[in-house]
Amino acid sequence: MTRELTGVVEPGRGLGTVVMTGPGLDRLGELLGFTVVPGTLNVRLPGPVRRDSSWRYIAAREIGPGWQAATGQTGYHVLPVLVAGRHRGVAFQADEPGGPGYPADQVELICEAHLRRALGLADGDTIRFSVEEAATA
(Lines give C-alpha, C1' and ligand atoms only; values in the text may rest on other atoms or scores of the structure.)
Protein backbone atom coordinates (compact mmCIF):
# COMPACT_ATOMS: atom_id res chain seq x y z
CA MET A 1 0.00 0.00 0.00
CA THR A 2 1.26 3.49 -0.84
CA ARG A 3 0.80 6.41 1.53
CA GLU A 4 1.20 10.00 0.41
CA LEU A 5 2.82 12.55 2.72
CA THR A 6 2.79 16.31 2.35
CA GLY A 7 5.08 18.69 4.18
CA VAL A 8 6.51 22.17 4.09
CA VAL A 9 10.12 22.89 3.13
CA GLU A 10 12.02 24.34 6.10
CA PRO A 11 15.33 26.23 6.15
CA GLY A 12 18.37 24.04 6.67
CA ARG A 13 21.42 24.56 8.81
CA GLY A 14 23.92 23.46 6.19
CA LEU A 15 25.22 20.46 8.15
CA GLY A 16 24.00 17.96 5.55
CA THR A 17 26.08 19.54 2.80
CA VAL A 18 29.16 19.85 4.99
CA VAL A 19 29.30 16.24 6.19
CA MET A 20 27.97 14.50 3.10
CA THR A 21 31.19 14.34 1.12
CA GLY A 22 33.90 11.81 0.31
CA PRO A 23 33.87 8.14 1.29
CA GLY A 24 31.05 8.63 3.81
CA LEU A 25 28.73 9.80 1.06
CA ASP A 26 29.62 6.81 -1.13
CA ARG A 27 29.07 4.43 1.80
CA LEU A 28 25.73 6.06 2.61
CA GLY A 29 24.69 5.50 -1.01
CA GLU A 30 25.65 1.83 -0.73
CA LEU A 31 23.55 1.45 2.42
CA LEU A 32 20.56 3.22 0.87
CA GLY A 33 20.77 1.63 -2.59
CA PHE A 34 21.10 4.76 -4.73
CA THR A 35 23.65 7.47 -5.53
CA VAL A 36 23.19 10.18 -2.91
CA VAL A 37 23.40 13.88 -3.76
CA PRO A 38 25.12 15.90 -1.00
CA GLY A 39 22.80 17.77 1.32
CA THR A 40 19.40 17.18 2.83
CA LEU A 41 16.03 18.87 2.51
CA ASN A 42 14.27 19.67 5.80
CA VAL A 43 10.53 19.02 5.68
CA ARG A 44 8.00 19.80 8.40
CA LEU A 45 5.08 17.36 8.47
CA PRO A 46 1.56 18.05 9.83
CA GLY A 47 2.28 16.06 13.01
CA PRO A 48 4.95 14.08 14.84
CA VAL A 49 6.57 11.24 12.89
CA ARG A 50 5.32 7.79 13.87
CA ARG A 51 7.80 5.09 12.97
CA ASP A 52 6.56 1.65 12.01
CA SER A 53 8.11 -1.49 10.52
CA SER A 54 8.69 0.34 7.21
CA TRP A 55 11.52 2.31 8.88
CA ARG A 56 15.05 0.91 8.99
CA TYR A 57 17.94 1.86 11.27
CA ILE A 58 21.47 2.81 10.20
CA ALA A 59 24.08 3.43 12.91
CA ALA A 60 26.48 6.31 12.23
CA ARG A 61 29.42 3.89 12.60
CA GLU A 62 28.08 1.91 9.59
CA ILE A 63 28.56 4.99 7.41
CA GLY A 64 32.18 5.43 8.35
CA PRO A 65 34.74 6.32 10.95
CA GLY A 66 34.30 9.84 12.19
CA TRP A 67 30.72 10.22 10.92
CA GLN A 68 29.30 10.39 14.45
CA ALA A 69 31.93 12.90 15.54
CA ALA A 70 31.28 15.06 12.46
CA THR A 71 27.50 15.07 12.85
CA GLY A 72 27.00 14.63 16.58
CA GLN A 73 24.44 11.93 15.71
CA THR A 74 24.61 8.25 16.66
CA GLY A 75 22.30 6.87 13.98
CA TYR A 76 19.34 7.36 11.71
CA HIS A 77 15.85 5.98 11.19
CA VAL A 78 15.27 5.91 7.43
CA LEU A 79 12.17 5.38 5.32
CA PRO A 80 12.33 4.83 1.53
CA VAL A 81 10.32 7.46 -0.36
CA LEU A 82 9.57 8.60 -3.87
CA VAL A 83 9.58 12.38 -4.16
CA ALA A 84 7.30 14.08 -6.69
CA GLY A 85 6.63 10.69 -8.28
CA ARG A 86 10.13 10.42 -9.75
CA HIS A 87 13.09 10.92 -7.36
CA ARG A 88 14.20 8.00 -5.17
CA GLY A 89 15.24 8.91 -1.68
CA VAL A 90 14.74 8.41 2.03
CA ALA A 91 13.11 10.42 4.75
CA PHE A 92 15.17 10.24 7.91
CA GLN A 93 15.36 11.34 11.48
CA ALA A 94 18.46 11.20 13.60
CA ASP A 95 18.38 9.34 16.91
CA GLU A 96 18.12 12.72 18.56
CA PRO A 97 14.79 14.03 17.13
CA GLY A 98 13.08 16.47 19.39
CA GLY A 99 16.47 17.65 20.65
CA PRO A 100 17.56 21.26 20.34
CA GLY A 101 16.49 22.57 16.95
CA TYR A 102 15.11 19.23 15.72
CA PRO A 103 11.30 19.10 15.99
CA ALA A 104 9.55 15.71 16.27
CA ASP A 105 7.43 16.58 13.20
CA GLN A 106 10.45 17.17 10.96
CA VAL A 107 12.18 14.76 8.60
CA GLU A 108 15.07 15.31 6.28
CA LEU A 109 15.09 13.98 2.76
CA ILE A 110 18.18 12.49 1.16
CA CYS A 111 17.73 11.92 -2.52
CA GLU A 112 19.29 10.98 -5.85
CA ALA A 113 18.60 14.56 -7.02
CA HIS A 114 19.15 17.99 -5.50
CA LEU A 115 15.48 18.57 -4.69
CA ARG A 116 15.57 22.36 -4.33
CA ARG A 117 16.98 22.67 -7.86
CA ALA A 118 15.14 19.77 -9.50
CA LEU A 119 11.73 20.86 -8.20
CA GLY A 120 12.34 24.61 -7.89
CA LEU A 121 11.68 24.55 -4.14
CA ALA A 122 12.08 27.37 -1.66
CA ASP A 123 11.49 27.58 2.08
CA GLY A 124 7.75 27.50 2.79
CA ASP A 125 6.86 25.51 -0.36
CA THR A 126 4.78 22.34 -0.15
CA ILE A 127 6.40 19.04 -1.09
CA ARG A 128 4.76 15.66 -1.60
CA PHE A 129 6.33 12.26 -1.38
CA SER A 130 5.07 8.71 -1.23
CA VAL A 131 5.93 5.84 1.05
CA GLU A 132 5.47 2.19 0.24
CA GLU A 133 4.14 0.80 3.51
CA ALA A 134 4.88 -2.69 4.74
CA ALA A 135 1.97 -5.08 4.41
CA THR A 136 0.40 -6.15 7.70
CA ALA A 137 -1.00 -9.61 8.27
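The values are calculated or read from the model by the stated rules, or taken from the named source; none is laboratory data. Keep in mind that what you see is a predicted model, and the values were worked out from it rather than measured. Counting neighbours? That spans all protein chains shown, and the Cβs are built from the backbone with ideal geometry, glycine included.
The table below lists the values:
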quantity: Residue, modelled with the highest pLDDT, within the stretch 1-38, restricted to residues that are small (Gly, Ala, Ser) and closer than 21 Å to ASP125 by Cβ; calculated: GLY7
quantity: Evaluation of TYR57 against (1) in contact with a strand residue (DSSP E or B) (Cβ under 9 Å, 6 or more places away or on another chain); (2) closer than 15 Å to THR6 by Cβ (one fails), failing number; calculated: (2)
quantity: Residue list for the stretch 46-67, filter: acidic (Asp, Glu) and either in contact with a helix residue (DSSP H, G or I) (Cβ under 7 Å, 6 or more places away or on another chain) or more than 22 Å from VAL131 (Cβ to Cβ) (or both); calculated: GLU62
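Residues checked against (1) under 16 Å from LEU45 (Cα atoms); (2) at pLDDT below 90:
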{"site": "TRP67", "(1), (2)": "no, yes"}
{"site": "ALA70", "(1), (2)": "no, yes"}
{"site": "LEU79", "(1), (2)": "yes, no"}
{"site": "GLY89", "(1), (2)": "no, no"}
{"site": "PHE92", "(1), (2)": "yes, no"}
{"site": "PRO97", "(1), (2)": "yes, yes"}
{"site": "ALA104", "(1), (2)": "yes, yes"}
{"site": "VAL107", "(1), (2)": "yes, no"}
{"site": "CYS111", "(1), (2)": "no, no"}
